[in-house]
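Below is one structure, written out as structure tokens, with a few remarks after it.
The values are calculated or read from the model by the stated rules, or taken from the named source; none is laboratory data. What you see is a predicted model, and the numbers here were worked out from it, not measured in a lab. Here the Cβ is made from the backbone with ideal geometry for all residues, glycine too, and neighbour counts use every protein chain on show. Note: accessible area is taken over every heavy atom of the protein model, side chains too, but ligands, DNA and RNA are not part of it. Shrake-Rupley method; radii C 1.70, N 1.55, O 1.52, S 1.80 Å.
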Amino acid sequence: MRTLTRCFKYRLYPTTDQQTTLVQWAGCRRFVWNWALHCKQTHYQATGQRLSYQRLAAMLVDLKRQPKTAFLRDCHSQPLQQALMDLETSFTHFFAKRAKYPRFKSRKITPHSLRFPQGVAVVDERTISVPKIGHMQAIIHRPLMGIAKGATIKQDATGAWWVIFVCHIDLPDVQPTADRLVGIDVGLESFTTLSTGEKTAPPKFYRRNQKNLARAQRKLSRAQKGSNNRLKAKKRVARLHKKISNQRADWLHKHALRIVRQFDVVCIEDLNIKGLARTKLAKSFSDAALSTFMQMLHDKAEWHGRRVVKVGRFYASSKTCHFCHSKNALKLADRVWTCPTCSMTHDRDINAAINILYEGIRLLAVGTTESQNAARDGVNPAKRW
Ligand SMILES: [Zn+2]
């Protein structure tokens with residue numbers, strides 16, 4: 001048996017009163033976060049010691065008793081304790097050099113968000129129940145699976161409310177087969193090129209939407225500050241951002257799922273995403289989508305009992321002739337090239353995909369699904385996705 005963690009996200013339709021309560025609670029949560037961060041900072045400056053979660057939780061009980069901050073008692077206690085825990089996690093990530101120093105949360109830029117470790121439940125296809133609030137209208141478009149380990153209720157930039165359940169799901173073990181293998185080269189011109197020769201171009205809708213977004217952003221920058229028109233323009237920009245990210249996610253989900261269904265073992269280059277995103281072409285679909293695609297491929301493969309083999313990014317997949325294995329000097333512009341050693345003509349991307357497949361097979365034979373580069377970089381392989 002294997003246990004996977006998956007999120008289930010559903011649209012919420014809180015009533016006006018419920019929205020007011022949620023916004024109030026989110027405000028309380030933000031207040032507690034900022035208060036705790038301030039306590040931690042002053043405590044550290046005074047004593048040089050870390051203020052623990054336990055101490056803070058005790059201090060929070062005290063804070064609620066004081067008349068000035070008695071409004072915190074109107075809020076359910078769980079999201080407030082969770083705020084302290086989240087801050088603790090942020091500090092852990094910071095000390096492990098995985099994240100920046102935790103920041104104070106501003107009312108203006110932080111979306112309203114609340115996390116409940118327990119108590120939020122699905123009632124039926126149209127309803128969830130929330131502690132202290134009761135039933136809330138929702139659209140449960142697919143059934144919840146496994147055991148819910150907490151829920152987050154939040155509002156996005158367009159004003160829509162969502163609930164996200166984190167679930168632990170037990171799945172039976174599958175013996176991975178290795179009958180159908182594929183190598184994938186990812187790039188800018190062709191988003192993916194399979195070793196079978198199949199190329200998939202980045203979707204066309206992306207560019208069109210980028211143009212609309214640019215237009216909306218120009219309108220926003222011209223609108224007068226504090227005006228109603230500015231508010232409207234801001235909403236429009238947020239809606240367009242949301243639309244673009246929805247379309248991108250939808251396209252990527254379908255593309256990743258098709259590959260995972262079609263093949264048992266997927267060999268793919270472990271690209272330096274950050275390095276790529278710094279280039280001039282950072283606006284392109286591929287750059288924005290690549291890391292998400294890798295993550296989706298990994299998750300879907302795990303779900304379907306398939307294997308993903310990551311081939312090191314220093315492996316010369318483009319320059320090596322897959323037929324005679326000689327290395328050649330190539331320019332980025334060389335889409336088609338002829339090997340000087342064996343005179344075979346290659347499509348650059350297909351040749352790379354075949355090489356990635358070969359390297360993947362070699363790694364599988366050695367008994368690893370991870371090339372040595374990850375270890376050499378000193379990064380935990382699990383964090384590289
Ligand atoms: Zn050759």
Mind checking the alpha-carbon convex hull of the stretch 2-171 and giving the volume per residue in Å³?
-> 140
Would you please put 211-218, 37-44 in order of how densely packed they are, using the mean number of other Cβ atoms within 10 angstrom per residue and starting with the highest?
-> 37-44, 211-218
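Which percent of the accessible area of the stretch 1-126 is formed by carbon and sulfur heavy atoms (probe 1.4 angstrom)?
Here carbon and sulfur together make up 53 percent of the probe-accessible area.
Taking a 1.4 Å probe, which of Ser318, Ser343 shows the most accessible area, and what order do the others take after it? Write down the numbers at each step before the final one.
Numbers: Ser318 30, Ser343 85 Å².
Sorted descending by solvent-accessible area, the residues read Ser343, Ser318.
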Point-to-point label distance, Lys327-Ser227, nm (Cα→Cβ direction, 7 Å offset) | 6.1
Which distance in nm do the two modelled labels at His38 and Phe104 give, with both placed 7 Å along the Cα-to-Cβ direction?
-> 0.7
May I ask you to give the solvent-accessible area per residue for the chain, in square angstrom, as obtained with a 1.4 angstrom probe?
-> 58
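For the stretch 45-128, what is the Kirkwood hydrodynamic radius in Å, using each pair of distinct C-alpha atoms?
Numbers: mean 1/r = 0.0648 Å⁻¹.
This gives a value of 15.4 Å.
Rounded to two decimals, what is the ratio between the C-alpha radius of gyration of the stretch 120-263 and 2.2 N^0.38 Å?
1.46
When you count, for each residue, the other Cβ atoms within 10 Å and take the mean per peptide, how do 158-166, 89-97 rank with the highest first? Walk me through the intermediate numbers first.
Working: 158-166: 17.0, 89-97: 12.7.
Descending mean neighbour count gives 158-166, 89-97.
What are the equivalent ellipsoid semi-axes of the stretch 89-168, built from the alpha-carbon gyration tensor (square roots of five times its eigenvalues), in whole angstrom, biggest first?
Details: eigenvalues 151, 57, 24 Å².
Semi-axes, largest first: 27, 17, 11 Å.
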In Å, the C-alpha Rg and Dmax of the chain are 25.1, 84
